[in-house]
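To start, the structure under review is shown below, and the notes come after it.
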Amino acid sequence: MRKAVRWLLSLVVLIGTLSTAGAATAAEPAAADTDIKDRLLAVPGMSLIEEKPYAGYRYFVLDYTQPIDHRHPSKGTFEQRITVLHKDTSRPTVFSTSGYNVSTTPSRSEPTRIVDGNQVSMEYRFFTPSRPDPADWSTLDIWQAASDQHRIFQALKPIYGKNWLATGGSKGGMTATYYERFYPHDMDGVVAYVAPNDVVNKEDSAYDEFFEQVGTEECRDRLNAVQREALVRREPLEEKYAAYAEDKGYTFTTVGSLDKAYEAVVLDLVWGFWQYHLEDECAEVPDASTTTDQELFDYVDAISGWSFYTDQGLEPYTPYYYQAGTQLGAPTIQQPWLGDLSRYGYQPPRNFVPRSIPMTFQPWVMRDVDSWVRHNAQRMLYVYGENDPWGAEPFRLGKGARDSYVFTAPGANHGARVAGLAESERDLATSRILAWGGVPAAATAEAKPLAAYDAKLDRQQLRREPALRP
């Protein structure tokens, strides 16, 4: 009886939330003197977790009630965490997504600084605490996540009535793209950073070609030698790994064994270096022929992270690996310099998700998105890093694209930004972002960010991801 009552109450709340959100776009704007917190909390389904002070802004961490399944709202709801960096309702708003957990520390994406706007950030469904309980993993897909964004946009558009832009980096750039694909009329522009586009999951030669050419031959040889040496010295280094894991309380149930986890970390070394580091750091790569076991162990840890393929390291990323193994795809690189030292090769996402969670790959999903972008992209900007492995399979534009661009930042890694583009491309990208944000033409012509740089708010921190494939 109690379960039935709880189900009925949640259904009533959801129906009220859904109906109100759908009608919200027609609502009259609230009075100008109404406090922004009151306006946000007046949104049905919105609740306050905390407000954090930041000079020049109001910053809110919020929960928003979402349907577990947008196709079948009667299946219940879950609480999705979002944040709002509020500047002024008269300014544009940037909808930022990482594709993972949302940070609850005030920060500002590059487009937010460019347009001097508000920022709404969303935690991707199934990343805790924004996970339904019990978790029906079949509802973790790109359409459901795009529908989460759509409902948040519908709920907040009456408050933030000016232009909206979607943005995100890496999986967040993919998320912004998928949102545009399924809801192309919501946003006034999209700025996607370093977004991989694995159209054919089993065809990954572009990545092999990338690793044959990236950086200098000397740097590539040093990295390859260190990676190979870590497999040559597998026995003594695995002893160190076992002691490390015991000290930290780490286990290896999901991946299957310490040996599999060890090799997964080592095989990530070259990828991890180019994803997170710059070519001028090649001088810091140790000499494989003279380095000690401890130095080698420490260097692999610094680049790849020994904790990533433990149960404890994988658990926060289960939603990502689930998506990689069901829709997003995951590159497999050959690394011929390892010869027969590799026992497992690049392991598939299935190895990093508990076996209790069923997974079936859907090869048509990325083909659909890729085709849509090529033929329908409007006001979309992609920024890649020249030395970032994820740029090996980028989004591309076809004849149907309008006012859309793909730029590459010279020498940049996974942290590529508009500011790092060649001057002519940087100015064009900045001016288009300003125009899409509805900024007056005079300011757009100057092609400069409207907000001054803030060392805390704008500090770029690359998300350390466990071999984000992709």
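The values are calculated or read from the model by the stated rules, or taken from the named source; none is laboratory data. What you see is a predicted model; the values in this text were computed from it and never measured. Note that each Cβ is placed from the backbone with ideal geometry, even for glycine, and that neighbours are counted across all protein chains shown. Note: accessible area is taken over every heavy atom of the protein model, side chains too, but ligands, DNA and RNA are not part of it. Shrake-Rupley method; radii C 1.70, N 1.55, O 1.52, S 1.80 Å.
When the accessible area of region 201-307 is split by element with a 1.4 Å probe, what percent falls to carbon and sulfur?
Taking all protein chains in place, region 201-307 shows 45 percent carbon and sulfur surface.
Would you mind counting up the charge near residue 128? Only other residues with Cβ under 14 Å from its Cβ, with Lys and Arg at +1 and Asp and Glu at -1.
Around residue 128, the surrounding residues sum to -2.
Compute the Cα gyration tensor for region 29-82, then decide on rounded, prolate or oblate, letting a ≥ b ≥ c be the square roots of its eigenvalues: rounded whenever a/c is under 1.5, prolate when a/b is larger than b/c in the other cases, and oblate in all that remain.
It comes out oblate by the Cα gyration axes.
Given the DSSP H assignment, sum -39500 (n - 2.57) over each helix run of at least 4 residues in the chain and divide by its residue total; what's the result at 222 nm in deg cm²/dmol, nearest 500?
Result for the chain, helices only: -11000 deg cm²/dmol.
Excluding residue 187 itself, calculate the net charge of residues whose Cβ lies under 9 Å from the Cβ of residue 187, where each Lys or Arg counts +1 and each Asp or Glu counts -1.
Taking every other residue near residue 187 into account, the sum is -2.
For region 297-341 and region 231-290, write down the distance between their C-alpha centroids in whole Å.
One Cα centre to the other: 10 Å.
Could you give me the percent of Cα pairs per 20 Å distance bin for the chain, shortest bin first, beginning at zero and ending with the bin that holds the maximum distance?
23, 54, 21, 1
Work out, step by step, the length gained on full extension between residue 452 and residue 284: first 0.36 nm times the residue separation, then minus their alpha carbon distance; give nm to one decimal.
Going from the current span to full extension adds 57.1 nm.
Compute the Cα gyration tensor for region 190-265, then decide on rounded, prolate or oblate, letting a ≥ b ≥ c be the square roots of its eigenvalues: rounded whenever a/c is under 1.5, prolate when a/b is larger than b/c in the other cases, and oblate in all that remain.
oblate
Amide H to amide H, which residues 5 or more places from residue 189 or on other chains are under 5 Å from it, using H placed in the peptide plane?
166
Round to a whole number: what % of the accessible area of region 312-364 belongs to carbon and sulfur, probe 1.4 Å?
After summing per-atom areas, the C and S share lands at 56 percent.
Cα convex hull of region 77-175: mean projected area in nm², to one decimal?
6.1
Length gain on complete extension for the stretch residue 203 to residue 374, per 0.36 nm per residue less the alpha carbon to alpha carbon distance?
59.6 nm
Is the shape of region 238-343 rounded, prolate or oblate, going by the alpha carbon gyration tensor and its root eigenvalues a ≥ b ≥ c, with a/c under 1.5 for rounded and a/b larger than b/c for prolate?
Here region 238-343 falls in the oblate category.
Please work out how much length the chain gains when fully extended from residue 213 to residue 128, using 0.36 nm per residue of separation minus the C-alpha to C-alpha distance, in nm with one decimal.
Once the chain is fully extended between residue 213 and residue 128, it gains 26.7 nm.
How much of the DSSP beta bridge set in the chain is antiparallel, as a percent to the nearest 5?
Looking only at bridges with both residues in the chain, the antiparallel portion is about 45 percent.
Using a 1.4 angstrom probe, figure out how much accessible area the chain has per residue, in square angstrom, rounded to the nearest whole.
Roughly 42 Å² per residue, with all protein chains present.
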